[in-house]
Amino acid sequence: MNVLIITRSDDNACIETVSSELHHRGANTIRLNTDRYPDLVQLSCEYDHKGNRRILKTDKGQYHLDEITAVWYRRFNAGASLPVQLGDTHAASLQETRRTLFGAIAALPCFHLDPLESVRRTDHKELQLDYALKLGLDIPKTLVSNDPVEVLEFFESVNGKMVTKMQHSFAIYREGIENVVFTNVINRKDLDDLSGLRFCPMTFQEHIEKKLELRVTVVGQKVMTAAIDSQRQDNTAVDWRRDGVGLIDCWTNYQLPVEVEQKLLRLTAKLGLNYAACDFIVTPEDRLVFLEVNAVGEFFWLEKSPGLTISAAIAGVLLGVEQRQNIDFTAWENHI
């Protein structure tokens, strides 16, 4: 068994923990640091009527990718090391680099955790919420809009209890310093000037009171859940990520109701995923509210606290010794 790991050179210890699990099961691993492609990593794909030939060359050696039995699509940053001296050809070189490597990965005829089209499809938060509703999961009332009138009406409909967030990880860089945009509470005064919506739509949700926040990790057909009491600190009450490092040892095991686990497995299968990091809120009344799915969500801290066996599960699914999702990609044509 040969597993190709798609990542980048600055990825965290998850690469080592999953690789160790794979080696323990007798598999070989090949690490492709995408940020080193194309200037430090070479990839050649040859096609003719006699068959296909795919050769990958890294600083660790030369590999025949036709011998790959599984792909772990973890992180992607192709073209990151392209020199700025390329000038007006930089953008075109970056686009061609990314397109070529994406295509080479997608064409590998083996099991993918997860296929590129599944990861990209899961980026659509509107699709996630639509599926979640149809499957009977509880969700917060949500508006995605660039229309100030709609936002004001939504604010009134949730009795002035509203938060705003970006659909994806979002940062503003000022003088080279990263400023991450977290989830924020919105009051009536904040809505006096919504002119900025014409430049960037935003997501608005009803502000739901929290008792706990959950990170649910789905690997194949295994569901592992951890909980954090984000209300223990004022600065994390709205978004625990504001002090994720400070809370890193405070996560505890949590058991989702079986019916919620089954709905979540159906949701991730619909999205074409064998791996997913899913976020929930537990209200003071023990209402379980689904927020979102991240197809490549982080998990390293959950193996330390509360000790979830995520790396082992990923290795098992990659090698086919753990139960995988039953995914019918042909159903996508009918919007499932």
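Miscellaneous remarks
- Residue match in the range 252-272 (condition: at pLDDT below 95 and in a loop (DSSP other than H, G, I, E, B)): no
- Conditions (1) touching a residue at least 40 places away in the same chain (Cβ under 8 Å); (2) under 25 Å from residue 205 (Cβ atoms); (3) charged (D, E, K, R); (4) outside any strand (DSSP E or B); number of the one not met by residue 303: (2)
- Checking residue 89 against (1) more than 23 Å from residue 299 (Cβ to Cβ); (2) within 28 Å of the chain's Cα centre (by Cα); (3) without any contact (Cβ under 8 Å) to a residue 12 or more places away in the chain, the condition it does not meet: (2)
- Just one of the listed residues (261, 298) is among the acidic types (Asp, Glu) and within 21 Å of residue 221 (Cβ to Cβ), namely 261.
- When residues of the range 137-187 are limited to those that are touching a helix residue (DSSP H, G or I) at 6+ places or on another chain (Cβ under 9 Å), closer than 24 Å to residue 210 by Cβ and in a strand (DSSP E or B), the one modelled with the lowest pLDDT: 180
- Whenever a residue of the range 31-52 is closer than 30 Å to residue 20 by Cα, its partners that are assigned to a strand (DSSP E or B) and of a type in the set (D, E, K, R), lying with C-beta atoms within less than 8 angstrom and at least six residues away or across chains, give the pairs 41/57; 42/57; 43/54; 43/57; 44/53; 44/54; 45/53; 45/54.
- Matching residues, the range 213-248, being modelled with pLDDT under 70, of a type in the set (A, V, I, L, M, F, W, C) and either closer than 13 Å to residue 264 by Cβ or touching a Phe, Trp or Tyr at 6+ places or on another chain (Cβ under 8 Å) (or both): 238
- For residue 81, the criteria (1) surrounded by fewer than 18 Cβ atoms within 10 Å (Cβ to Cβ); (2) in a helix (DSSP H, G or I) hold in every case but one, which is (2).
- Only a single item in (1) out of contact with any Phe, Trp or Tyr (no Cβ under 8 Å at 6 or more places or on another chain); (2) assigned by TED's automatic domain parsing to the domain that holds residue 19; (3) surrounded by fewer than 16 Cβ atoms within 10 Å (Cβ to Cβ) is not met by residue 104, and it is number (3).
- Odd one out for residue 303, checked against (1) under 22 Å from residue 210 (Cα atoms); (2) in contact with a helix residue (DSSP H, G or I) (Cβ under 7 Å, 6 or more places away or on another chain): (1)
- Pairs are defined by a Cβ separation below 6 Å, a sequence spacing of at least 6 or placement on different chains, a first member in the range 112-128 that is under 26 Å from residue 69 (Cα atoms), and a second member that is in a loop (DSSP other than H, G, I, E, B) and not polar (S, T, N, Q); the pairs so defined are 114/273; 118/272; 118/273; 119/295; 122/271; 122/295.
- Residue in the range 13-30 that is surrounded by fewer than 18 Cβ atoms within 10 Å (Cβ to Cβ), part of a strand (DSSP E or B) and either in contact with an Asp or Glu (Cβ under 7 Å, 6 or more places away or on another chain) or assigned by TED's automatic domain parsing to the domain that holds residue 75 (or both) present: yes
The values are calculated or read from the model by the stated rules, or taken from the named source; none is laboratory data. Small disclaimer: the values here were computed from a predicted structure and weren't measured. Reconstructed Cβ throughout: ideal geometry from the backbone, glycine too, with neighbour counts over all protein chains shown.
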